[in-house]
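J.: Got a structure for you, questions after.
The values are calculated or read from the model by the stated rules, or taken from the named source; none is laboratory data. Nothing here was measured: the structure is a model prediction, and the numbers come from that model. With ideal geometry, Cβ positions are generated from the backbone for all residues, glycine too; neighbour counts draw on all protein chains shown.
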Amino acid sequence: MAPSATLPPELDPSTDPTVLTLRKTLTDESAPLAKRFRALFSLKHLASQPPLADPKTLAAIDAIAAAFTSPSALLKHELAYCLGQSRNLAAAKYLRAVLEDRQEDAMCRHEAAEALGALGDVESLELLRDLCAQGAESEIVVRETCEIAVARIEWETSEAGKNERLKKSDFASIDPAPALAQQSAEPTIAELRMTLLDITLPLFQRYRAMFALRDLASPPDLPTAVEAVHALAAGLDDPSALFRHEIAFVFGQLSHPASIPSLVATLGNKEEASMVRHEAAEALGSLGEEQGVEETLKKFLNDHEQVVRESVVVALDMAEFEKSGETEYATVPS
């Protein structure tokens, strides 16, 4: 039997020292949250390195999952996101465990479902479909995410999906839904906006319009950028908190100054769902170089919602990173 099967990582001589150092930081509840986030993104990078079955890669997956014992919903939600972005199916068992845990925060369960969709984990389809079918017995944000995850996996494994011609995106992220396929006549921003806001359509289709609009807003000097950002901002009035949170996430990816007024209004709305406000805070962190953003974030350091307070701490660290000229938001152990 391998030593790793009997010894904890810190006592196992085969554990990679870099992974071990990052794991200690990530799981240290006394460490500053921003420092733990930087360690997490370093582990995410290691967890996605080929070959995916390499012991160091698998140790990075295990290290990320080890922090699911944290009381911080914000951190756990980010763990799930990073596992989904790893492209490594070794993460699926940890994500299924989070999704199945009815005592876990809905924001974490939603992110676990989305991550399983990002991994394209066919083995999770039965669980995802079961949660879709539970109606009022399951929290709406979890149900809606499972619906999108099922649609994404089905799309990815279908012949139609494999044959779609997709526009190359500026973003390396695995999105909950692909942007709408390229057609001979590309839809206008007005048409994409109509699809985005049509609540009679499946969420997966509306998400595809969302990511098509995102790609029309990058780079920021693209002629369509500001109009696309304004179209996306209209989605912040949607009845679905999940949908609104994804709009804020996309704004964080874009880091376009035209999104700042909408993000500030969302963060400042005390009636808004905490998962949406938290995403708005982090999106503002990515715009930290813009005038007045840091001052706005600091106003929410004592917010009544813990997940918002913690997001502001991380956002302010991200703002410092944006101004520093560093190339990677990560920790590199010496």
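J.: Among Ala185, Ala172, which is exposed (fewer than 13 other Cβ atoms within 10 Å of the Cβ) and under 24 Å from Asp121 (Cα atoms)? First the steps, then the outcome.
T.: Details: Ala185 fails: under 24 Å from Asp121 (Cα atoms).
Exactly one of Ala185, Ala172 is exposed (fewer than 13 other Cβ atoms within 10 Å of the Cβ) and under 24 Å from Asp121 (Cα atoms), namely Ala172.
J.: Let me ask you something else. Which of (1) within 15 Å of the chain's Cα centre (by Cα); (2) buried (at least 24 other Cβ atoms within 10 Å of the Cβ); (3) of a type outside the set (Phe, Trp, Tyr) does Val141 not meet, given it meets every other one?
T.: (2)
J.: Go over the candidates Ala233, Ala248, Ala228 one by one and state the one that is in a helix (DSSP H, G or I), within 21 Å of Met107 (Cβ to Cβ) and not charged (D, E, K, R).
T.: One residue alone meets the criteria, Ala248.
J.: Could you list, in sequence order, all residues of the stretch 159-212 that are acidic (Asp, Glu), outside any helix (DSSP H, G or I) and more than 15 Å from Ala231 (Cβ to Cβ)?
T.: Of everything in the stretch 159-212, those that are acidic (Asp, Glu), outside any helix (DSSP H, G or I) and more than 15 Å from Ala231 (Cβ to Cβ) turn out to be Glu164, Asp170, Asp175.
J.: Name the one entry in Leu89, Leu83 that is in contact (Cβ under 8 Å) with a residue 12 or more places away in the chain and either over 16 Å from the mean Cα position of the chain (by Cα) or surrounded by fewer than 22 Cβ atoms within 10 Å (Cβ to Cβ) (or both). Give the derivation first.
T.: Numbers: Leu83 fails: either over 16 Å from the mean Cα position of the chain (by Cα) or surrounded by fewer than 22 Cβ atoms within 10 Å (Cβ to Cβ) (or both).
Step by step, each of Leu89, Leu83 is checked, and only Leu89 is in contact (Cβ under 8 Å) with a residue 12 or more places away in the chain and either over 16 Å from the mean Cα position of the chain (by Cα) or surrounded by fewer than 22 Cβ atoms within 10 Å (Cβ to Cβ) (or both).
J.: Hey, another quick one. Filter the stretch 252-265 down to residues that are within 15 Å of Ala234 (Cβ to Cβ) and touching a Leu at 6+ places or on another chain (Cβ under 6 Å) and give me whichever is surrounded by the fewest Cβ atoms within 10 Å (Cβ to Cβ).
T.: Ser262
J.: Being more than 8 Å from Val276 (Cβ to Cβ) and not polar (S, T, N, Q) is the filter here, so list the residues in the stretch 237-249 that pass it.
T.: Taking the stretch 237-249 and keeping what is more than 8 Å from Val276 (Cβ to Cβ), we get 237-240, 242-243, 246-247, 249.
Correct list: Asp237, Asp238, Pro239, Leu242, Phe243, Glu246, Ile247, Phe249.
J.: Show the residue pairs meeting these rules: Cβ distance below 7 Å; 6+ apart or different chains; first residue within the stretch 16-32 and closer than 13 Å to Ile64 by Cα; second residue part of a loop (DSSP other than H, G, I, E, B) and among the hydrophobic types (A, V, I, L, M, F, W, C).
T.: Listed pairs, sorted by first residue: Thr25/Ala31.
J.: Counting only residues that are touching a Cys at 6+ places or on another chain (Cβ under 8 Å) and among the aliphatic types (A, V, I, L, M), which one in the stretch 58-78 is farthest from Val142 (Cα to Cα)?
T.: Filtering the stretch 58-78 for residues that are touching a Cys at 6+ places or on another chain (Cβ under 8 Å) and among the aliphatic types (A, V, I, L, M), the one farthest from Val142 (Cα to Cα) comes out as Ile64.
J.: Also, quick follow-up: Scan the stretch 111-120 and give yes if some residue there is surrounded by fewer than 16 Cβ atoms within 10 Å (Cβ to Cβ), among the small types (Gly, Ala, Ser), under 21 Å from Ser72 (Cα atoms) and not assigned by TED's automatic domain parsing to the domain that holds Ser240, otherwise no.
T.: Checked the stretch 111-120: no residue is surrounded by fewer than 16 Cβ atoms within 10 Å (Cβ to Cβ), among the small types (Gly, Ala, Ser), under 21 Å from Ser72 (Cα atoms) and not assigned by TED's automatic domain parsing to the domain that holds Ser240.
J.: Tell me whether the stretch 214-230 contains one or more residues that are among the polar types (S, T, N, Q), touching a helix residue (DSSP H, G or I) at 6+ places or on another chain (Cβ under 9 Å) and over 24 Å from Cys82 (Cα atoms). Before you say what the answer is, go through the steps one by one.
T.: Keep residues of the stretch 214-230 that are among the polar types (S, T, N, Q), which gives 218, 224.
Narrowing the set further to residues that are touching a helix residue (DSSP H, G or I) at 6+ places or on another chain (Cβ under 9 Å) leaves 218, 224.
From what's left, over 24 Å from Cys82 (Cα atoms): 224.
Looking through the stretch 214-230, at least one residue is among the polar types (S, T, N, Q), touching a helix residue (DSSP H, G or I) at 6+ places or on another chain (Cβ under 9 Å) and over 24 Å from Cys82 (Cα atoms).
J.: Now for a separate question. Being modelled with pLDDT under 95 and of a type in the set (S, T, N, Q) is true for just one of Thr6, Thr69. Which residue is that?
T.: Working: Thr69 fails: modelled with pLDDT under 95.
After ruling out the rest, the residue left standing is Thr6.
J.: Continuing with this model, one more query. Being closer than 30 Å to Gln182 by Cβ and of a type in the set (S, T, N, Q) is true for just one of Ser255, Ser274. Which residue is that?
T.: Of Ser255, Ser274, the one residue that is closer than 30 Å to Gln182 by Cβ and of a type in the set (S, T, N, Q) is Ser255.
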